[in-house]
Structure formats: C-alpha cells, structure tokens
C-alpha cells in the first residue's frame, strides 16, 4: 500500500459500489473492495462491520437528520406537514448524489439480501419518526400512521427520482408523492 490518502470511507464506498455493479454483491469480497480502494482489508473492517454496511453506513446519519428535522418543526404544524418539512430537509442530503443513489439502488434491487436490509432500515426509520411524533404529542395510531405514510412518500419519491434521470430535485418528487397521498386519502 502507498502512503496515506484521505477519505478512506468514501473510497471504500465507491469501490464497493463499482464492484457490486460489475460483479454482483454476492461475488464481491471485502478484500476486493479494499484493494480497489487502495487500502487494506483491515482498514475496511475499521470502517465497516461487513460488506453490506458499505451501502447502509449512512443510514444512521439519515435517521438523525430526519428525526432532528421533524423535531425542529413548529409545534403548531399538523403531523403530516411536520413530516413533509422533514422530507424537505432530507432531500437536501441527496443534492449532488444522484449518480451514486441511482447506482446504489440498482445494486440493492439486484440482491434479495440487500433489499431485505433496505426494508429493515426503512422500518427502523419509521419507528424513529413515530417516536419523535409521539414526543411532539401525537397519539397512536396517528403517530405510527403518519410515520409510515412519511416513509412511503420517501420510498416512492426516491424511487421515482432515481428512475427520472436526475434532472429534477428529489424534493420535487417528495412533494408530488405527498400530494398524491393526500389526494388518495381525500377520496380523489
């Protein structure tokens, strides 16, 4: 290995994504990822517990941003409007990340194991949002329903954005998905 270079995590993330795209998730090892990134396998395991976590390592940061944005909305906001505000904040996290997001979703879609992991992470995010809504005084089942609706908007909006070609902002897709949800629940 050469001398130290910055951004080991970012390099590992990109190397893993490239290898998963080229060879498939199941056929790629942590050692291959580390080698592609110009790092040691030991360095890989200092940053990630396993090769799946390379794709999900930012989940905690996403959850923290989502929860903090939701908690920061005015107390007078209706629960679904508070979630909409949090979605706007989350969309900012994905600015300049379209290509990465598109490639990541393709890798996840191609692997049942990764797709299952994605669903588990989304369920955890929903639980965190519901807990935050309860702290804001929203009672169940409204807190749970609103959190699940927010995750549905996130998931559908994100999928539509990834499939779109990236010309429009993710926030636009979140707004459109939320509008569709509101229309459906209003009987339209």
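Pick out the one residue from 160, 139, 175, 168 that is in a loop (DSSP other than H, G, I, E, B) and under 30 Å from residue 103 (Cβ atoms).
168
Every residue, every condition in (1) more than 17 Å from residue 101 (Cβ to Cβ); (2) crowded, with 17+ Cβ neighbours inside 10 Å; (3) in the same structural domain as residue 100 (by TED's automatic domain parsing), yes or no:
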| residue | (1), (2), (3) |
| --- | --- |
| 18 | no, no, no |
| 21 | no, no, no |
| 26 | yes, no, no |
| 29 | yes, no, no |
| 33 | yes, yes, no |
| 38 | yes, no, no |
| 41 | yes, no, no |
| 46 | yes, no, no |
| 49 | yes, no, no |
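Could you look through the range 32-65, keep only residues that are in a helix (DSSP H, G or I) and farther than 17 Å from residue 10 by Cβ, and pick out the one that is nearest to the chain's Cα centre (by Cα)?
For the range 32-65, the residue satisfying everything is 63.
Is it the case, given these coordinates, that residue 69 is assigned to a helix (DSSP H, G or I) and surrounded by fewer than 12 Cβ atoms within 10 Å (Cβ to Cβ)?
For residue 69, the condition - assigned to a helix (DSSP H, G or I) and surrounded by fewer than 12 Cβ atoms within 10 Å (Cβ to Cβ) - is not met.
With over 15 Å from residue 149 (Cα atoms) and either modelled with pLDDT of 95 or more or out of contact with any helix residue (DSSP H, G or I) (no Cβ under 6 Å at 6 or more places or on another chain) (or both) as the only criterion, which of 131, 106, 127, 123 stands out?
Criteria check complete, one pass: 106.
The values are calculated or read from the model by the stated rules, or taken from the named source; none is laboratory data. Everything numeric in this text was worked out from a predicted model, so none of it was measured. For neighbour counting, all protein chains shown are included, and Cβ atoms are generated from backbone atoms with ideal geometry for every residue, glycine included.
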